Amino acid sequence: MNREQALELLRQYVTNQNLIKHMLASETIMRALAKKLKSDEDEWGLTGLLHDLDFEQTKNNPAKHGLITAELLTAEGFNDKQLHAIKSHNVEHTGITRESELDYALVCAEQLTGLIVACALVQPEKKLATVTIESVLKKFKQKAFAAGCSREDIQLCEKLNIPLEQFVQLGLKAMQGIANELGL
């Protein structure tokens, strides 16, 4: 599957524009991580792009979130590593544990997107361009800020041997690169 086919599939299953932006942000961070870790950028990027494909369908049944996406993407040729990462990003409900770099990358990347977006939205301009690494790290320490973003999951970047500050820098830069697509 190429990116254009993945976007077509995304449009078929996802209507919520904020969810689409989250998936695009996850993709761009995953591509940046893959590049840094010398992994397959398309494999990692497409995993990030489509990881929440079933979210609207499973929002009232979180135990199925990720599992239905994996079923859909099996037919699209996703490999076992990608499918495992998608299923394990919802370990709290699926019970599928994280094992690989891809598993850890997906969960820390997708959680970081929410924190960075929240940091942009509290800026007067509401733009990613005005967000700094320092401001994200400061807000990271404030548990009540963007409370839905798991700090524990974001810190899993350390399983990739990437310190938190470096991970935030990588994620912020990646998201700033697609700011127009994200509307920020």
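Read-outs: derived from the displayed coordinates by stated rules, not from any lab. Here the structure is a predicted model, which means the values were calculated and not measured. Cβ placement follows ideal geometry from the backbone for every residue including glycine, while neighbour counts extend to all protein chains displayed.
Here the 3J(HN,Hα) profile of the stretch 57-73, calculated from phi with Karplus coefficients 6.51, -1.76 and 1.60 at θ = phi - 60°, is 6, 10, 4, 9, 9, x, 5, 8, 5, x, 6, 5, 4, 4, 4, 4, 7 Hz, Gly and Pro shown as x.
Using only side-chain charges placed at the Cβ, +1 for Lys and Arg and -1 for Asp and Glu, the dipole size of the stretch 3-179 relative to its Cα centre rounds to 740 debye.
Neighbouring Cβ atoms within 10 Å as the yardstick, rank D40, D54, D80, D153 fewest first.
Working: D40 17, D54 24, D80 9, D153 20.
Fewest to most other Cβ atoms nearby, the residues stand as D80, D40, D153, D54.
Of the cross-linked pairs K35/K64; K81/K159; K35/K143, which ones have a Cα-Cα span greater than 27 Å in the structure shown? Check vs 27 Å cut-off fails for K35/K64; K35/K143. Farthest towards the positive end of the charge dipole of the chain, among the residues L19, V117, H65, is the Cα of V117, using unit charges on the Cβ of Lys, Arg, Asp and Glu.
Using only Cα atoms, find the angle between the long axis of helix 101-121 and the longest principal axis of the chain, and express it within 0 to 90 degrees, rounded to the nearest 10. On a 0 to 90 degree scale, this one is about 40.
Helix 17-36 and the longest principal axis of the C-alpha atoms of the chain enclose an angle of approximately 90°. Separation of the alpha carbons by more than 30 angstrom is noted, of K87/K126; K141/K173; K87/K141, for K87/K126.
Based on the mean of other beta carbon atoms within 10 Å per residue, what is the order of 102-114, 160-172, most packed first?
On the way: 102-114: 25.5, 160-172: 18.3.
The most tightly packed comes first, giving 102-114, 160-172.
Taking every DSSP helix (H) stretch of at least 4 residues in the chain, weighting each as -39,500 (n - 2.57) and dividing the sum by the residue count yields a mean residue ellipticity at 222 nm of -18500 deg cm²/dmol.
Sorted into 10 angstrom bins from 0, the C-alpha pair distances of the chain split as 10, 41, 37, 11, 0 percent. Multiplying the residue separation of Q57 and S100 by 0.36 nm and subtracting their alpha-carbon distance yields 12.8 nm.
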